[in-house]
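Student: Dropping a structure here in C-alpha cells format, bear with me for questions.
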Amino acid sequence: MQAALAPAEPVPPDPEAEAPDLELTAALEARDDHRVMEILVDRYGEHVYCYCRRMVRTAADSDDLSQKVFMQAFQDLKKLSRIHSIRRWLLRIAHNRCIDWLRARKRDAKLVDNRDLVMLVDGHAADRTGGDDPRIAKALDDCFDRLDERSRYVLVLRFHDGLPYNEIGDLMSDTAGALRVRLARALKLLRRCLERKGVRP
C-alpha cells in the first residue's frame, strides 16, 4: 500500500517584499499621469532626496537630482509590467544618477564624515582618536579615497545608510556574498592605511 504524501510545507512570506500599491496601480491603469507622479513624490520624495543629499552633499544639487530621478521613474514606470519594490527601484535610479553626477565632475563627494569613518573601522576608536582632530581627519580622508569606488559605495550604503546586503546588491548589481567579501577587504585596508599614518584604531 502506497504511503500517503505529507502535506506541503507552507511558504513563509518574504519579509523584504512590499505590498502592492493599489492606488498607484489604479492611477497607472487610468493613465492619470498627474496622479502617478503625485503618488511617487508624496510617498518616496523625502527618501530619495535624503539619499541624494548624502551622496552629493548640497541641497540644490540634491533637489535637481531628485527631480531627475522621478522624471526617469515616471517614464520607466509606464514601460514596466511589474516592480517588486518601488522603494528599491527608486533607490537604484537615485544611486545611478548620483554616481553619474559625481563622475561628471571628476570628484568624489565626502560620503562619510570623519567620526563615522573612525566608527566604521573600529566601534571604539572614536573615543580614543578623536574624530575631529585635523591630523586624523586628513588621514581618514586619504585612506577612504584610496579605496576603489565600489568599495567606498558599499561602505556608505551598508554603514551610513544602513541598507541590508540584498538591497545593496540590487543597487550595485552584485551578490550579497560578494559584497560581504568586498566590505571585509575594504575595512582591512582602511585599518592598515590608518596604522601606516600613525592612527591606530
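The values are calculated or read from the model by the stated rules, or taken from the named source; none is laboratory data. These figures come from a predicted structure and were not determined experimentally. Quick reminder, even Gly has a Cβ in these numbers, built from the backbone with ideal geometry, and neighbours come from all protein chains shown.
Student: Please work out if ASP132 is at pLDDT below 85 and not in a loop (DSSP other than H, G, I, E, B).
Tutor: no
Student: To continue, here is another question. How many residues are touching a Gly at 6+ places or on another chain (Cβ under 8 Å), crowded, with 19+ Cβ neighbours inside 10 Å and either closer than 16 Å to ILE99 by Cβ or of a type in the set (Ser, Thr, Tyr) (or both) when one looks only at region 160-201?
Tutor: Of the residues in that region, 0 qualify.
Student: A further question follows. Looking at region 71-91, I want the residues that are at negative phi and have a partner that is of a type outside the set (S, T, N, Q) and assigned to a loop (DSSP other than H, G, I, E, B) with Cβ atoms under 6 Å, at least 6 apart or on another chain. Which pairs are those?
Tutor: SER85/GLU18; TRP89/ILE83
Student: Do you know which residues across region 24-63 are surrounded by 15 or more Cβ atoms within 10 Å (Cβ to Cβ), closer than 14 Å to TRP101 by Cβ and charged (D, E, K, R)?
Tutor: Within region 24-63, ARG53, ARG54, ASP61 qualify.
For (1) part of a helix (DSSP H, G or I); (2) in contact with a Phe, Trp or Tyr (Cβ under 8 Å, 6 or more places away or on another chain); (3) more than 20 Å from ASP170 (Cα to Cα), each residue gets a yes or a no:
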| position | (1), (2), (3) |
| --- | --- |
| VAL41 | yes, yes, yes |
| TYR51 | yes, no, no |
| ARG54 | yes, no, no |
| ALA60 | yes, no, yes |
| VAL69 | yes, no, no |
| PHE74 | yes, no, no |
| TRP89 | yes, no, no |
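Student: Does ARG152 fit the bill of being farther than 30 Å from ALA26 by Cβ, at pLDDT 75 or above and touching a helix residue (DSSP H, G or I) at 6+ places or on another chain (Cβ under 6 Å)?
Tutor: no
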